Every structure is written in C-alpha cells, then in structure tokens.
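Trainee: Here it is, the structure in full.
The values are calculated or read from the model by the stated rules, or taken from the named source; none is laboratory data. On a predicted model such as this, the values are computed, not experimentally measured, just so you know. Here Cβ is always computed from backbone atoms with ideal geometry, including for glycine, and neighbour counts include all displayed protein chains.
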Amino acid sequence: MIKDAISYGRINSKMDIGKFSKAWTVKNKTSGEVCLISTKYYLFAYASREATQKYQNIDSTEFNSINEKEYLAFAIYVLGDNFTFASDLHSVIKIDSVIIQPIENNNKDYASFIGGDSYSALCLHLYDPEEITSDAPIQLIVIKDDGKEVIYDIDLSKIK
C-alpha cells in the first residue's frame, strides 16, 4: 500500500492538486462544500508528490511521521456568512445509528473573506480509525454555528 501511494504521488506530481486529490474528495450535493478524506495512503501520495516536485524522495523523518499517524482526518472546506463562523464548527461520523465523536477539531478562528457576505474556512477534524468501519458507508455530519448540518455521504470502501 505504501509503495503504491508513493508511486501514485511520483507519477502524478505535475497534476493539478484538485485532480490529484479527486479520489479522496467528497462534495455535498446541496451546498457544494467539499471534504477531503486524508487517509494514510493519501498522505503518502501527497508527500511523494511534493518531494518529487523538488526532485527529492520522501525523507525518513516524514515517512515515519506519516506512518505513525493514528487517526483518519477530514479536511472540511466550509462556507459561512461571518468572520468567525468556523470557530464553533463541529462534526460527527454516523455509521447506521452509531454516532462517533472526533478525537480533535482543528478549526480556524477566523475565516477568509471570499466576497459579498461570504466567508470560507478549512477545518481539520480527526477521528480514531479503530472506531470506524472502513468497508461501510458513513455519513460525516458537519454542524455549523447556526445549527445547520452539511452531510457528506462517504463510502470508505472506495477510498484508498
């Protein structure tokens, strides 16, 4: 798996980051907001892509750092209508009727202005992979500061 991910990153190092990450990206059908599922495979592929762009290989420190990660990360690109909307963002994973809380939320205190009365933020929510069945459909439910939910239907069996 690791060799395959490193090879993917090396072969696709010149690919646009959106296309490169597409297999790990899920879009909410209603809002258009996106979520990147950051698996170990993706982290190795991305690190390999970045190293290849510098005509290097992944160094042992970075390799060990990725390999030791004990979480499944969701990078969530969210939209809001005020400067601080993302600071109170929360998410849960729902598998059938089971609700799983994140082990850590890394939210931005301040969102970026994108025009009009719109703001965007990139938040990183970490989950314990031991709690998540990797071969079953899940829902990532993002709860915004106004109580609105953004739901991502994700089939982890289709994501490396």
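Trainee: On the given criteria, is SER65 among the hydroxyl-bearing types (Ser, Thr, Tyr), more than 20 Å from VAL150 (Cβ to Cβ) and surrounded by fewer than 16 Cβ atoms within 10 Å (Cβ to Cβ)?
Mentor: So SER65 fits the description; yes.
Trainee: Out of PRO102, PRO137, report the one residue that is within 17 Å of the chain's Cα centre (by Cα) and crowded, with 18+ Cβ neighbours inside 10 Å.
Mentor: Details: PRO137 fails: crowded, with 18+ Cβ neighbours inside 10 Å.
Among PRO102, PRO137, only PRO102 is within 17 Å of the chain's Cα centre (by Cα) and crowded, with 18+ Cβ neighbours inside 10 Å.
Trainee: Further, regarding this structure: Tell me yes or no: at least one residue of the stretch 71-83 is closer than 30 Å to SER7 by Cβ, touching a strand residue (DSSP E or B) at 6+ places or on another chain (Cβ under 8 Å), of a type in the set (Val, Ile, Thr) and touching a residue at least 60 places away in the same chain (Cβ under 8 Å).
Mentor: First pass over the stretch 71-83, keeping only residues closer than 30 Å to SER7 by Cβ: 71-77.
Right, trim to touching a strand residue (DSSP E or B) at 6+ places or on another chain (Cβ under 8 Å) and you get 71-77.
Pick out the ones that are also of a type in the set (Val, Ile, Thr) and you get 76.
Keeping just the survivors that are touching a residue at least 60 places away in the same chain (Cβ under 8 Å) gives 76.
Within the stretch 71-83 (the criterion being closer than 30 Å to SER7 by Cβ, touching a strand residue (DSSP E or B) at 6+ places or on another chain (Cβ under 8 Å), of a type in the set (Val, Ile, Thr) and touching a residue at least 60 places away in the same chain (Cβ under 8 Å)), the answer is yes, since at least one residue qualifies.
Trainee: Taking the residues in the stretch 62-76 that are within 11 Å of THR39 (Cβ to Cβ) and of a type in the set (A, V, I, L, M, F, W, C) as candidates, determine which candidate is farthest from the chain's Cα centre (by Cα).
Mentor: Across the stretch 62-76, the extreme among qualifying residues is ILE66.
Trainee: Something else now. Would you be able to say whether some residue in the stretch 140-151 is of a type in the set (D, E, K, R), closer than 21 Å to THR25 by Cα and not in a loop (DSSP other than H, G, I, E, B)?
Mentor: yes
Trainee: While we're on this one: Has the stretch 142-150 got any residue that is at pLDDT below 85 and more than 25 Å from GLY18 (Cβ to Cβ)?
Mentor: Yes, the stretch 142-150 contains a residue that is at pLDDT below 85 and more than 25 Å from GLY18 (Cβ to Cβ).
Trainee: What are the residues in the stretch 1-42 that are small (Gly, Ala, Ser) and farther than 20 Å from GLN139 by Cα, if any?
Mentor: Scanning the stretch 1-42 gives ALA5, SER7, GLY9, SER13, GLY18.
Trainee: So, one more: Could we say that SER91 is surrounded by 16 or more Cβ atoms within 10 Å (Cβ to Cβ), out of contact with any Cys (no Cβ under 7 Å at 6 or more places or on another chain), part of a helix (DSSP H, G or I) and not aromatic (Phe, Trp, Tyr) here?
Mentor: no
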